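A.B. asks: I'd like to ask you about the structure that follows.
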Amino acid sequence: MNKIYLDNAATTPLSEEVIDAMVETMKMNFGNPSSTHSFGQDAKILIENVRRQVADYLHVSPAEIIFTSCGTESNNMIIKSSVSHLGVERIISSPMEHKCVSESILDMKNRKGVEVAYIRPNEKGDIDLNKLEELLKASYKKTLVSLMHANNEIGNIIDLKKVAELCKANNALFHSDTVQTMAHMNLDFSEIPVDFASCSAHKFHGPKGIGFAFIRKSSGLKGIITGGPQERSLRAGTENVAGIAGLGKALELSIKNMDAYTRYMQDIKQYTIDRLSVEIPGIKFNGRSSELDHSLYTLVSLLLPYKNPLIGLQLDMKGIAVSQGSACSSGASKPSMVMMMVLSEDEMDDCTPLRVSFSHMTTKQDIDVFVNALREISQELIIENTNVEHR
Ligand code: PLP
């Protein structure tokens, strides 16, 4: 069976060049970067070169890039250390954040007594910046705002610069989970006064187990993993040198091809929306998902006009991988917070959300196979439901 992968927001396949760079590093550059001999120093040089490359991409200083194991670790570190080391007493966030952010915030609330205020998004998944401003002005407590750049379920994008400037004007620190946008968009942090951001290489054809945190030098944030002096003592532990080499190669390819990939995937996304709108009557798109200018070009979140908790499994049996996520209430699985925010109760009861996510490797033929399979499953289900109603 020719398998089709449409779950690139979960993870992306590694590029051949990334694999080559990692294998080469594992074979030729195995020294411990903390060692003073040439084997160690060669590994150290590789790490510093990638750090410089990341810093150039973000228009920041290399000292502001700290390699970590993943997006989850970066977000945990930023939120927990802001409370432990920077004296943050209050966090403003939204219920749409990835679990690694929302659970870190909850942990700080439960263990450290941090006050937490959530901004409830509207049914389109938008965060009201007037509400943010109101909350920022409502307290003198040291505040951290944590709002993701792009939502991993529906693809909504916030105006990072506007939010960052609002936080700055109100003396609040600003953290943005940028895992879904790093290496997919141009980001200039010399223009955007964000204090902290996060990255995970496996979201842009790099390896799993490597990411980084952007930590503005002036913030004074400290690490939560203690031990050796690696990563300027912000993240102890021998560095994942091959992973860093893979991240560097993946970033290099993303930057080199960013314009072409963006245009290509926007076209694929629009094609998916158009075909689904024709083939699945009654289909809807969640949040700003179908608006190319206001959502990630890498994904579309759709709402099937019937209840089918098994849809992901049925597509998988046809060789098509999409994400049903923790979507609609089905059996034991709880609905995701994001879906609870953007869907009505009726939609939660009677519909099925599905996330389809693309890469530059996705073709229109892949989309055709997916749409045809979805149409077949939908038609069978509608016929079955009609028969049940007429019995
Ligand atoms: N934040 C967002 C928005 C994500 O989509 C993900 C991954 O799904 C993460 C954080 C976690 O990243 P990682 O898998 O590197 O821990």
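A.B. asks: Given the C-alpha centroids of region 136-185 and region 64-119, what is the distance between them in whole angstrom?
C.D. replies: The two parts, judged by their Cα centres, are 13 Å apart.
A.B. asks: Please compute the Kirkwood hydrodynamic radius over the chain, one decimal place, Å, based on all pairs of different Cα atoms. Intermediate results must be reported in sequence, preceding the final value.
C.D. replies: Details: mean 1/r = 0.0452 Å⁻¹.
With all distinct Cα pairs of the chain included, I get 22.1 Å.
A.B. asks: May I pose another question? Note the full-extension length gain between D20 and N122 as 0.36 nm times their separation in residues minus their Cα-Cα distance, in nm to one decimal.
C.D. replies: Values: separation 102, 0.36 × 102 = 36.72 nm, distance 4.54 nm.
The D20-N122 span can extend by a further 32.2 nm.
A.B. asks: Here is a further query. Given a 10 angstrom Cα cut-off, can you work out which residue in A201, A213, A55 is the most mobile in a GNM of the chain?
C.D. replies: Maximum fluctuation in the GNM of the chain, among the listed residues, is at A55.
A.B. asks: Can you find, among I154, L46, N76, the residue sitting farthest towards the positive end of the charge dipole of region 16-252, where Lys and Arg contribute +1 and Asp and Glu -1 at Cβ?
C.D. replies: So the residue we want is N76.
A.B. asks: To the nearest 0.05, how large is the calculated FRET efficiency for E48 and L292 if R₀ is 45 Å and r is the Cβ-Cβ distance? Working shown, then result.
C.D. replies: Values: r = 38 Å, r/R0 = 0.85.
Once the sixth-power term is evaluated, E becomes 0.75.
A.B. asks: Still on this structure, I have one more. From Cα coordinates alone, what are the radius of gyration and Dmax values for region 87-144 in angstrom?
C.D. replies: Looking at region 87-144, its Cα Rg and Dmax stand at 11.7, 34 Å.
A.B. asks: Something else: Give me, ordered by chain and number, the residues 5 or more places off T68 or on other chains with an amide H under 5 Å from its own placed amide H.
C.D. replies: G211, F212, A213
A.B. asks: Who wins for biggest fluctuation among H202, H59, H184 in a Gaussian network model of the chain, springs between alpha carbons below 10 Å?
C.D. replies: Answer for the Gaussian network model of the chain: H59.
A.B. asks: Here is a follow-up. Please list, in order along region 63-76, the HN-Hα scalar couplings obtained from phi with the Karplus expression 6.51 cos²θ - 1.76 cosθ + 1.60 (θ = phi - 60°), rounded to whole Hz, x for Gly and Pro.
C.D. replies: With the stated coefficients, region 63-76 comes to 5, 8, 10, 10, 6, 10, 7, 4, x, 4, 5, 4, 5, 4 Hz.
A.B. asks: Would you compute, for the Cα atoms of region 242-299, the largest minus smallest coordinate along each principal axis and list the three values in descending order, in whole Å?
C.D. replies: Largest to smallest, the principal-axis extents are 48, 20, 20 Å.
A.B. asks: Of the options H37, Y297, G243, report the single residue whose Cα projects farthest towards the positive end of the charge dipole of the chain (beta-carbon charges: Lys, Arg +1; Asp, Glu -1).
C.D. replies: Toward the positive end, the furthest listed residue is H37.
A.B. asks: Continuing with this model, one more query. Per-residue ellipticity at 222 nm for the chain, helices alone: DSSP H runs ≥ 4 residues times -39500 (n - 2.57), over residue total, nearest 500 deg cm²/dmol?
C.D. replies: Details: 11 runs with 168 residues, N = 391.
Estimated from H runs of four or more residues: -14000 deg cm²/dmol.
A.B. asks: Here's another thing I want to ask about it. For the chain, what is the charge dipole size about the Cα centre, in debye to the nearest 20, if Lys and Arg each add +1 at the Cβ and Asp and Glu each add -1 at the Cβ? It would help to have the intermediate numbers written out before the result.
C.D. replies: Working: 41 positive and 48 negative charges, 253 e Å.
Using only the charged Cβ atoms, the result is roughly 1220 debye.
A.B. asks: Excluding residues fewer than 8 places away in the same chain, name every one of the lysines whose C-alpha is closer than 26 Å to that of K307.
C.D. replies: Within reach: K3, K99, K124, K269, K284, K318, K334.
A.B. asks: Given the Cα-Cα distance of R232 and S139 and 0.36 nm per residue of separation, how much length would full extension add, in nm? All intermediate terms of the calculation are to be shown ahead of the outcome.
C.D. replies: Working: separation 93, 0.36 × 93 = 33.48 nm, distance 3.36 nm.
Contour length minus Cα-Cα distance gives 30.1 nm.
A.B. asks: Straight-line reach from K364: which aspartates and glutamates have a Cα under 20 Å away, not including same-chain ones fewer than 8 places off?
C.D. replies: D7, D259, D267, D274, E279, E291, D316, E376
A.B. asks: Follow-up. Considering Cα pairs under 8 angstrom that are at least six residues apart, work out the relative contact order of the chain and quote it in whole percent. If you can, show how the numbers build up before the last one.
C.D. replies: Details: 735 pairs, mean separation 84.6, N = 391.
Here the relative contact order equals 22 percent.
A.B. asks: Quick one: if the Förster radius is 25 Å, what FRET efficiency do D267 and N186 give, using the C-beta to C-beta distance and rounding to 0.05?
C.D. replies: Numbers: r = 19 Å, r/R0 = 0.77.
Taking R0 as 25 Å, the efficiency between D267 and N186 is 0.85.
A.B. asks: Here's something else I'd like to know. Using 0.36 nm per residue of separation minus the Cα-Cα distance, give me the extension gain between E115 and N130 in nm, one decimal.
C.D. replies: Values: separation 15, 0.36 × 15 = 5.40 nm, distance 2.00 nm.
Value of the extension gain: 3.4 nm.
No lab work stands behind these numbers, since they all come straight from the coordinates. Note that the coordinates shown come from a computational prediction; the quantities given were computed from them, not determined experimentally. When we count neighbours, we look across all protein chains shown, and the Cβ atoms used for this are built from the backbone with ideal geometry, even at glycine.
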